[in-house]
Amino acid sequence: MYHIPGRIGDFMTRTERILIVGGGVAGLTAAVALRRSGFEPELVERAASWRALGTGIVIQPNATRLLRYLGIGSEVEKAGAMVGRFQFLSRAGDLLSEIDLTELWRGVGSGVTVERGALQNALLCGVDRARCRLGVSVASLHQRDGVVSVGFSDGVSADYDLIIGADGIGSTVRALAIGKAAPKYCGQSAWRALAPMRRHRAAEIQFWLGDGCFFTTYPVSAERTYGCAYIAEPSPRHEPIDGRLARFRERLAPFGDSFRAFLDSLDRDDQIHCSAVESLELPQWRNGRVLLSGDAAHASSPMMGQGGCMAIEDAAVVAELLETSPTVDAALNAYSPRRRPRVDWVQAQSDAFGWNVLAPAVVRDAAIRERGAQAFRDRYAPLLPAP
């Protein structure tokens, strides 16, 4: 059970040289959690400014409860939109199944959908920006006797007792400390956009299921709506910016008029963000005093909407273990056994869900009508207890 103790133990006086690499959800939440537990971590981010990558994100209740513990839950909730229902719809718009998310997560919390930039700003409210360096990346790592010597891209070097690699699926820290690992292509491409429009029914996430593709949409604020088309592709391919909007509209043409308002509100090719859906499964997340977190350790396909949530859980758990364990190594030894079962479950269920919703419509739609709601509840049940 994750908790934040009321006092700071002797650990802080022994080890307070902690470096977080990466300023995304994983890195910023780690900075917030460690600071809340009494540490003063440093953070480096390769981007020259606080600029969030991506469009929208779902922060589900297993993560929002931790953000509340960390004192920034209200900031995230104010930045986004609260959602209480999940719907599966056919290509024609017929309701196949509906899940009451409030009932599913009763006693845990509420789900929030939010723009990534707004989430980043909310997380920064809990970070000591004076201890963050932008436009800086890690160039080298060397370990000896429990100390990690780090060389930075700006020529500076420093020693640390712990490095948290939270620098995403293409992690430099992972390559330097553990080895190169290629992400796995999940068989789909994602076409994402934020539309400047208000949703008529704001409190729901919708999955529209087509043939070889599906489209999800949800509000991220009172005035903006997120939409993403997941399209089955045998191999990843580059999508040039020129002509993206026209191709996006073409991809969604089989859904008829269902998304006309969403598509009509978009007017530029650069509003469409395209990427391959990838995941990453590693046998180890740690080498000595270097620990990987978030997508750097266990990127998942987005089908359960748990990628950011797992990163938030990672941050909360590592902060708790560092505060309550007698040594750094004891904390790190306890981390993987604590996190691995949940992460493995999310990755396996995300992969299975992604393939199931792309099954032939005549089989898939009937199965979702009959068992969709119960399967959805079963998928999330292991995440109801605290990590």
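The values are calculated or read from the model by the stated rules, or taken from the named source; none is laboratory data. Note that the structure is predicted; figures quoted are calculated from it, not measured. No Cβ is skipped: glycine too gets one built from the backbone with ideal geometry, and neighbour counts run over all protein chains shown. Keep in mind that these areas ignore ligands, DNA and RNA; they rest on the heavy atoms of the full protein, side chains included. Shrake-Rupley method; radii C 1.70, N 1.55, O 1.52, S 1.80 Å.
Odds and ends about this structure:
- Scanning the range 79-88 for residues that are more than 19 Å from the chain's Cα centre (by Cα) and open to solvent by 30 Å² or more (accessible area, probe 1.4 Å) yields a count of 1.
- Residue count for the range 222-247 satisfying the condition of being part of a loop (DSSP other than H, G, I, E, B), open to solvent by less than 70 Å² (accessible area, probe 1.4 Å) and out of contact with any Cys (no Cβ under 6 Å at 6 or more places or on another chain): 5.
- Taking the range 152-168 as the range and being open to solvent by less than 50 Å² (accessible area, probe 1.4 Å) and of a type in the set (Val, Ile, Thr) as the test, the residues that pass are ILE163, ILE164.
- Set side by side, the residues ARG91, ARG106, ARG133 differ, and just one is more than 28 Å from LEU66 (Cα to Cα) and surrounded by fewer than 20 Cβ atoms within 10 Å (Cβ to Cβ), which is ARG91.
- Check on ASP257, under 27 Å from ALA118 (Cα atoms) and open to solvent by 60 Å² or more (accessible area, probe 1.4 Å): no
- Residue match in the range 353-360 (condition: over 30 Å from THR102 (Cβ atoms) and open to solvent by 10 Å² or more (accessible area, probe 1.4 Å)): yes
- Counting only residues that are out of contact with any Gly (no Cβ under 9 Å at 6 or more places or on another chain) and within 18 Å of CYS309 (Cα to Cα), the range 338-377 holds 15 of them.
- Residues satisfying the stated conditions in the range 35-67, i.e. surrounded by fewer than 17 Cβ atoms within 10 Å (Cβ to Cβ) and either of a type in the set (S, T, N, Q) or within 18 Å of GLU204 (Cα to Cα) (or both): SER49
- Of the criteria (1) farther than 25 Å from GLY22 by Cα; (2) at pLDDT 95 or above; (3) touching an Asp or Glu at 6+ places or on another chain (Cβ under 8 Å), which one ASP100 fails: (3)
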